[in-house]
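Remarks on the structure that follows.
The values are calculated or read from the model by the stated rules, or taken from the named source; none is laboratory data. Note that the structure is a prediction, hence the values are computed from the model and not measured. Positions of Cβ are generated from backbone atoms using ideal geometry, with glycine treated the same way; all protein chains shown enter the neighbour counts. Ligands, DNA and RNA are excluded from the accessible area calculation, which covers all protein heavy atoms including side chains. Shrake-Rupley method; radii C 1.70, N 1.55, O 1.52, S 1.80 Å.
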Amino acid sequence: MNRRQAEAVLALEREVSTALELLDSEAGLRDDWRTRYAAERVIERIFQAAEAITPAQQRAYFGPDALRYLRGMRNRLAHNDLAIDPEVLWATISVDLAVVRDRMRADAATAAALIERGIDQLQDVSEWRRVHLGPTRGTRG
């Protein structure tokens with residue numbers, strides 16, 4: 001794994017972890033529009049991050065067809081299709097992404113170790129993460 005691949009794995013791991021931390025319950029997703037909107041957005045971000053990893057990693061983490069389904073969900077969300085079923089969104093995050101996180105755990109640890117060893121300008125890993133995995137320049141928040 002090279003540095004760019006390691007960064008891509010860590011970016012995906014961060015988005016998946018964010019999605020899993022976001023949800024407390026299916027009812028919370030259904031009843032709180034803020035949580036639902038955040039969940040929808042994190043799915044879009046996960047797909048974007050998944051496109052940056054290698055095809056072999058995509059298959060290993062998401063399975064042979066799951067990335068295709070994620071792409072379809074992302075497209076529906078990005079094009080403002082209001083017919084997103086909260087149950088499908090809940091299952092995607094609470095079940096499917098939990099499996100993805102487990103499948104990528106070893107690679108994420110390897111990527112973090114590679115990045116930690118490879119840091120030369122920044123003094124610590126938290127600073128590297130802030131710089132490389134934080135908000136993109138030009139975004140609000």
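Worth pointing out:
- Computed with every protein chain present, the accessible area of GLU15 is close to 20 Å² [probe 1.4 Å].
- Ligands, DNA and RNA aside, ARG59 has an accessible area near 140 Å² when probed at 1.4 Å.
- Label-point separation in nm, THR54 to HIS79, each point 7 Å along Cα→Cβ: 3.3 nm
- Neighbours of PHE47 by Cβ distance under 10 Å: Lys/Arg scored +1, Asp/Glu scored -1, total 0.
- Probe 1.4 Å, all protein chains present, accessible-area order of TRP90, TRP33, largest first: TRP33, TRP90
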